[in-house]
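The values are calculated or read from the model by the stated rules, or taken from the named source; none is laboratory data. Keep in mind that what you see is a predicted model, and the values were worked out from it rather than measured. With ideal geometry, Cβ positions are generated from the backbone for all residues, glycine too; neighbour counts draw on all protein chains shown. Areas reflect the complete protein model, heavy atoms only, side chains present, ligands, DNA and RNA absent. Shrake-Rupley method; radii C 1.70, N 1.55, O 1.52, S 1.80 Å.
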Amino acid sequence: MLSRRDAIKLGSAAGAALIFPTKQLASALSDDPSELPPFSVPLSLPPVLKPTRRTGDTDFYDMRIAESEHEILPGIRTRALTFNGGFPGPTLRAHRGRAVVIRQVNDMASPATVHLHGANVPASSDGHPMDPIAPGQSRVYRYPNDQPAATLWYHDHTHHLEGEQVYRGLSGAYLLSDPVDALLPFPSGEFDVPLLLRDAKLNGDGQLVFVNDDFMNRPTILVNGRPQPYFEVKRRLYRLRLINVSNLEVFKFQLSNGARFLQIASDGGFLRVPAVRQEIDLWPAERAEVLVDFRSVPAGTAIALQNVVALSENKRDILQFRIGGGASSSKPELAIPGWTGVRPPSAQAGIPGWPTRNPPRERVARRRRFVLRFDPATGEFLINDQGFDPNRVDARIDHGATEIWEIVNGDAAFGITHTMHLHLVQFRVLDRNGKPEPGHDAYPKDTVRLNPGDVVRIEATLDTHTGRYPFHCHFLDHATHSMMGQFEVVPRG
Ligand SMILES: [Cu+2]
């Protein structure tokens, strides 16, 4: 079985042809990273968007989707598709129990639809691929924020355009907090840092080049829109919100000094138990919140966040932490066995909103099976041998039902990785190839990784909104062509 790494190791176009039999082959093995050495530019942070209006229970925002120019490489203006001119878009900070209402104006020449990834929202505000904002038009999205604290993100989801439009810049962070956040002794404010990670190809003029599914030829790594930046940090704990906004890039993060992360949250919020991790896997659309501890690191030290499964050596370095002076925080600092940092409260289950829901097995209403497979005859990516059809509903689910879905990566022969993302719901990964999924990868999840040949079972309870929602591979270039289906939650009759 060949992985993406193995494909590179083959080191020949012929080898790659076996695995990636599509049109990107001509460019597959060329590589033209920017001349910029890693860690030449400072990390930038997307601005936090201010509401235009607040009421007792709702924050109102205005956003504008438009092409604009952005400095990715120093001194070069790159045309991008942007929310409010940002690459990535501005960060929204939302609070559980306070609704957010966003008026999105589409000033692009193409349609747009805005999906809030990981959120539990009514179907009318889900940003369904078939529910676009036409050019020149606007639309109001309503987000109830009735779910536990989580690192969510928003992105374009326009049918057949989502791959290119997200690649060209249409994504941003949406950080939902709740009272649990305030109770836990985690870094906040400037020490709580969203990191939107992706790859890109820039041509000789510094312009973004998009070729669908051309993951082997996107040699530039961007963090918050800047190439392999450095980040000046203090000698203290940091909370990093890692968000993979790539179409296709997979990361396995390590710290260059061998230090470990404390993972506190996954896609949909806090883990049941924080996990000490040497490595963090992060595939497209996944999130991980980690604490890193610079308290005992000498001032003047540099530590790199690295991707140890990078397809080429120049993509290995992601971000450099430059440890400055500065006192450690006045907050009570924490210790956990096996880690140099934090000891979270031990009684998580007693904290209101801590995500501990595990539906009993006997209530499982239905089991389904979905096989994800590349079709070499058409170059399309299929679910149960079908491409996306907006007129077809693949799963009708009674409101309140718990279902178990068996998801199969049927591409062992081609060595193609996939993921499965369900809108609307956070699910639990029960097992992978018959073995229980480790807690940090099990719950709460909205996107699950599938290596070639993997068989994964997930369990989801659809007890919130009714209506029609997509599920799809979140390698967006696969979803665009056209690895997507729909489920519909129907009221009980
Ligand atoms: Cu896929």
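The residue that is nearest to the ligand (Cβ to nearest atom), among those in the stretch 384-404 that are within 17 Å of Arg366 (Cβ to Cβ) and part of a strand (DSSP E or B), is Ala395.
Among the candidates Val456, Val490, Val448, the residue that is among the hydrophobic types (A, V, I, L, M, F, W, C), open to solvent by 10 Å² or more (accessible area, probe 1.4 Å) and either free of Cβ contacts under 8 Å to residues at least 24 places away in the same chain or away from the ligand (no atom under 11 Å from the Cβ) (or both) is uniquely Val490. Considering the stretch 125-134 alone, what residues qualify as being in contact (Cβ under 8 Å) with a residue 24 or more places away in the chain, out of contact with any helix residue (DSSP H, G or I) (no Cβ under 9 Å at 6 or more places or on another chain) and closer than 22 Å to Lys445 by Cα? Passing the criteria: Asp126, Gly127, His128.
Residues are listed down the side, and each one gets a yes or a no for (1) under 17 Å from Ile404 (Cα atoms); (2) assigned by TED's automatic domain parsing to the domain that holds Val309; (3) open to solvent by less than 30 Å² (accessible area, probe 1.4 Å):
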| position | (1), (2), (3) |
| --- | --- |
| His418 | no, no, yes |
| His421 | yes, no, yes |
| Leu424 | yes, no, yes |
| Arg432 | yes, no, no |
| Lys435 | yes, no, no |
| Pro444 | yes, no, yes |
| Thr466 | no, no, no |
| Cys473 | no, no, yes |
| Leu476 | no, no, yes |
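Within the stretch 405-425, residues that are farther than 18 Å from Glu286 by Cβ sit with their Cβ atoms under 7 Å from residues that are assigned to a loop (DSSP other than H, G, I, E, B) and away from the ligand (no atom under 15 Å from the Cβ), at 6+ positions apart or across chains, in these pairs: Ala412/Met1; Gly415/Met1; Gly415/Leu2.
Taken together, Gly434, Gly439 contain a single residue that is more than 16 Å from the ligand (Cβ to nearest atom), out of contact with any Cys (no Cβ under 9 Å at 6 or more places or on another chain) and closer than 17 Å to Asp281 by Cβ, which is Gly439. Across the stretch 465-485, not a single residue is classified as touching a Lys or Arg at 6+ places or on another chain (Cβ under 6 Å) and more than 16 Å from the ligand (Cβ to nearest atom). Of all the listed residues (Phe414, Phe381), the sole one being open to solvent by less than 10 Å² (accessible area, probe 1.4 Å) and either in contact with a helix residue (DSSP H, G or I) (Cβ under 9 Å, 6 or more places away or on another chain) or at pLDDT 95 or above (or both) is Phe381. Within the stretch 363-378, being within 16 Å of the ligand (Cβ to nearest atom), in a strand (DSSP E or B) and open to solvent by 60 Å² or more (accessible area, probe 1.4 Å) holds for one residue alone: Arg373.
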